[in-house]
Every structure is written in C-alpha cells, then in structure tokens.
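These notes are about the structure you will find just below.
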Amino acid sequence: EGEEGELPRLVMLSSAAVTRPSWSEAKKQAYPEAYNIPIVKLNPLGLLDVKREGENKLRSVGESYTIVRSCGINATHPSGRIEISTGDTAVGRINPTDLARVLVTMLDLPSCTRKTFEVYAREREGTVLASVFDRGGTKGDCQRQLE
C-alpha cells in the first residue's frame, strides 16, 4: 500500500487476460467466458506473458503506480459507463476515449495507488469512476455504485 494520499507517479496500460494463460484448470472451468477468448487461447508470441512480466517489474521498482488492464479497445464501441473489476476475469470492450479518460483520472486518485484494475465500458452514458474514488472509495465501493 502507498502512503496516505500518495498519488501514482505512473499509470501503466496493460491488458485484461494477462494472468489467464497460467490459470489452474479449476479457474478455467469457473470462468470459461474469460478464458475461452482468442487472445488467451492464441497468446501470440507470448504477448500476455510479456505484459504480465512488465506489470511485475513495475510493482518491484518501488515507485507509486496504478496498472489499468484494458479489455478490448475498439473505436466503434459506444462511449459508456466505465466498469472496474479485479481478478482478471473481465470481458468486454472499451472506446479509446473512455480508456484515455480512465488513465488520466487514475493519476489524481490516491485510492488507486499500487493497485491493478481491469476496465471496460457498458453501453450507456455516464461514469462514476472519479466520484467514487475521490471519496476515498475502493474497487468494492465502485462496483456497488456501478451495479
């Protein structure tokens, strides 16, 4: 955990699914919709493994950070309500504009320091991302707001 009120010095954009190639059989069966997607099945050139290694390196350097694991970035996906999750089970799409807003917002949220989130967007307007975290909220607080 970061110091009280510490802001992330770096926000890293990674990918949802980086841990999925190494999931146990039990977890694969528990989350088939998250495991049985092409990027996980193919893992071209070990891309997901390399991204996971990059995340681990960032965590080890001691600087304050936030890691944002984006689901599929798609310019034709409508702008929508941002969904945040943890556990690398998220499946969805996000518009690049929404993703950029998330990345910039994370720089100003001490409650996001030294944390990793997956993000995607529901197909409806509005976001509660900033307001929840501005109140010192957690991922759980955010999820309750989004449901």
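Observations on the structure shown:
- Within segment 92-108, the residues that satisfy the criterion of being assigned to a helix (DSSP H, G or I) and among the charged types (D, E, K, R) are ASP98, ARG101.
- Going through (1) surrounded by fewer than 16 Cβ atoms within 10 Å (Cβ to Cβ); (2) touching a Ser or Thr at 6+ places or on another chain (Cβ under 7 Å); (3) more than 20 Å from VAL104 (Cβ to Cβ); (4) among the basic types (Lys, Arg) one by one, ARG52 falls short only on (1).
- Restricted to segment 29-74, and to residues there that are under 25 Å from ARG101 (Cβ atoms) and assigned to a loop (DSSP other than H, G, I, E, B), the residue that is nearest to the chain's Cα centre (by Cα) is CYS71.
- Identity of the residue in segment 19-46, closer than 17 Å to GLU118 by Cα and of a type in the set (A, V, I, L, M, F, W, C), that ends up surrounded by the most Cβ atoms within 10 Å (Cβ to Cβ): ALA34
- Going through (1) in contact with a helix residue (DSSP H, G or I) (Cβ under 7 Å, 6 or more places away or on another chain); (2) aliphatic (A, V, I, L, M); (3) modelled with pLDDT of 95 or more one by one, LEU109 falls short only on (3).
- Looking across segment 59-91, the residues that are surrounded by fewer than 21 Cβ atoms within 10 Å (Cβ to Cβ), touching a residue at least 24 places away in the same chain (Cβ under 8 Å) and among the hydroxyl-bearing types (Ser, Thr, Tyr) come down to SER64, SER79, SER85, THR86, THR89.
The values are calculated or read from the model by the stated rules, or taken from the named source; none is laboratory data. Note that the coordinates shown come from a computational prediction; the quantities given were computed from them, not determined experimentally. Neighbour counts run over all protein chains shown; Cβ positions are idealised from the backbone, glycine included.
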